[in-house]
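Inspection log for the structure reproduced underneath, given as structure tokens.
Coordinate-derived values only; no laboratory data. Please read all numbers here as calculations on a predicted model, not as lab measurements. For neighbour counting, all protein chains shown are included, and Cβ atoms are generated from backbone atoms with ideal geometry for every residue, glycine included.
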2 protein chains.
Amino acid sequence: MRANTFKSDLFSQFARVGKALSNPNRLELLEFLAQGARSVESLANSTSLSVANTSQHLQHLRQAGLVTSQKKGLKVYYSISGDDVIHLLDSLRDVAERHISDVDKIVTTYLTAKDHLDPIPATELLKRVKQDLVTVLDVRPKEEYDAGHVRGAINIPIEELEQHLQQLDPAQEIVAYCRGPHCILAFDAVEQLRKKGFQAHRLEKGYPEWKVAGLPIEKTISTTH
Amino acid sequence: MRANTFKSDLFSQFARVGKALSNPNRLELLEFLAQGARSVESLANSTSLSVANTSQHLQHLRQAGLVTSQKKGLKVYYSISGDDVIHLLDSLRDVAERHISDVDKIVTTYLTAKDHLDPIPATELLKRVKQDLVTVLDVRPKEEYDAGHVRGAINIPIEELEQHLQQLDPAQEIVAYCRGPHCILAFDAVEQLRKKGFQAHRLEKGYPEWKVAGLPIEKTISTTH
DNA sequence: CTAGCATTCAATTAATTACTTGAATAGATT
DNA sequence: AATCTATTCAAGTAATTAATTGAATGCTAG
């Protein structure tokens with residue numbers, strides 16, 4: 001029957017994308033890639049995976065159409081295929097957050113702060129930035145910041161925050177962001193900053209969402225090497 | 001390390017949703033459920049699955065938060081958990097369509113018509129409806145039409161289309177829709193109608209997308225039974 | 001053109017998943 | 001209370017998936 005094989009062929013294709021999203025390690029790789037292109041080795045170092053295993057997962061993702069790869073010199077760089085993939089990941093997290101009660105349990109178990117630290121939406125941040133009311137703080141590793149960040153944001157990786165507090169104006173509100181709505185770095189940063197007396201908030205989502213919304217970004221220019 | 005178990009715990013939760021989307025049969029069940037609530041038996045009849053197997057898949061979906069169940073009399077009715085799930089499914093299909101070349105291959109293999117039969121977007125249909133320029137045709141089974149349909153649409157299930165052509169005004173444009181952007185029913189309907197000399201087009205997406213966009217719908221009132 | 005490096009491939013093992021079959025449960029109907 | 005009906009549970013098999021290890025490939029730079 002024409003209609004039935006068409007249907008099952010199509011659902012099998014859609015399921016390939018679902019399969020790619022069905023492994024926690026692959027989801028972590030996608031979150032890293034959403035920040036910018038990365039080599040296999042670099043990804044393996046950022047996760048707890050072996051290089052060979054990382055490579056296999058990346059190929060799985062590529063076959064599902066979620067990432068693309070490009071060889072540059074000795075290294076192979078993987079990137080997210082498009083903005084639609086960022087939206088898909090956002091949708092996935094959104095559904096999980098709304099309908100799986102364990103997600104909320106995990107967040108409240110690991111984070112002491114109440115009501116998720118009052119996240120502020122991107123549009124609101126943009127407004128305050130224009131009035132010069134806030135310091136925007138990117139707490140991701142330098143590598144990710146360099147690959148692209150919210151325009152005007154300063155970068156203090158979370159591990160260095162305590163040592164570099166003097167870079168921050170105690171009189172001005174701070175809005176911290178990182179990789180996405182559930183990335184712990186910004187949560188941690190806000191907690192630390194509040195303890196030190198700063199007025200700190202978390203950006204509702206992360207850099208990838210800011211970028212695909214078409215909001216202003218900038219990159220650290222890298223010289224050819 | 002606090003951050004790492006938080007992260008892997010969270011990604012494991014998100015992966016549960018991915019897992020639920022990783023099986024073609026579950027995706028088909030979700031597509032049916034997106035049309036309206038359905039009993040296990042009814043879903044088993046609409047698919048090629050046994051009742052026990054259908055039940056297991058539905059439980060898998062429920063554990064991932066994608067569907068909810070409610071017992072009414074003898075039967076258990078399953079429903080989509082929320083609009084966010086419809087968006088997730090749309091996002092999934094969108095990514096697959098854009099980045100997996102096989103998807104386009106399948107569509108063009110099974111469908112002779114060129115450029116996917118000129119789909120018209122929902123906003124455009126709404127405009128033409130207001131000017132009374134089109135007949136909106138729902139070609140899904142009556143059960144799905146009754147559970148909810150585009151306001152003003154008439155229902156002729158695809159198998160009955162050939163016998164009921166006299167219900168359609170040959171002078172007016174026809175826009176056909178069904179379960180979603182890749183549902184074959186509307187493709188078939190447009191093909192059939194064009195052969196008979198009608199000016200027919202396909203609605204770009206299906207009923208679930210129309211509904212979650214907040215566009216006007218209506219339901220067939222069912223008496224209690 | 002050889003040595004070194006990043007990535008991929010191939011083979012294996014352990015774990016998970018899909019589906020079938022038949023029995024069990026929990027409500028509704030007689 | 002006994003029976004019927006829709007769904008779920010439980011056990012078993014076949015198939016798929018994740019991760020490890022070590023070898024192979026394909027560039028690059030000396």
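General remarks:
- For the protein assembly as shown, the dipole from Cβ point charges (+1 on Lys and Arg, -1 on Asp and Glu) about the Cα centre works out to 560 debye, to the nearest 20.
- Efficiency of FRET between A:SER69 and A:ARG151 - r from beta-carbon atoms, R0 30 angstrom, step 0.05: 0.55
- Mean residue ellipticity, 222 nm, helices only, the protein assembly as shown: the sum of -39500 (n - 2.57) across DSSP H runs of n ≥ 4, divided by residue count and rounded to 500, is -15000 deg cm²/dmol.
- Local charge for B:THR135 was computed over the other residues whose Cβ lies under 9 Å away, with Lys and Arg +1 and Asp and Glu -1, and equals -2.
- Annotation for A:ALA213, label-to-label distances across the other copies: 2.3 nm (shortest first, one decimal, point 7 Å from Cα along Cα→Cβ).
- Count Lys and Arg as plus one, Asp and Glu as minus one, and take only other residues whose Cβ is under 11 Å from that of A:LEU58; the net charge is then +3.
- Teacher prompt: A:ASN53 distances to equivalent labels in other copies, 7 Å Cα→Cβ, nm: 3.3
- Global form of the range A:67-225, assessed from the alpha-carbon gyration tensor, a/c cut-off 1.5: oblate
- With the charge dipole of the range A:125-225 set up from +1 on Lys and Arg Cβ and -1 on Asp and Glu Cβ about the Cα centre, the Cα lying farthest toward the positive end among the listed residues A:PRO157, A:GLN199, A:ILE221 is that of A:GLN199.
- All aspartates and glutamates inside 13 Å of A:LYS195 as judged from Cα atoms, apart from same-chain residues fewer than 8 positions distant: A:GLU162
- Listed residue pairs exceeding 25 Å between alpha carbons, taken from A:LYS72/A:LYS205; A:LYS105/A:LYS211; A:LYS7/B:LYS211; A:LYS105/A:LYS127: A:LYS72/A:LYS205; A:LYS105/A:LYS211; A:LYS105/A:LYS127
- Three-way shape call for the range B:9-117 based on the alpha-carbon gyration tensor, with the a/c threshold at 1.5: oblate
- The range A:16-60 versus the range B:23-74: alpha-carbon centroid distance in Å: 32 Å
- Eigen-decomposition of the gyration tensor built on the alpha-carbon atoms of the protein assembly as shown gives equivalent ellipsoid semi-axes of 45, 23, 23 angstrom, largest listed first.
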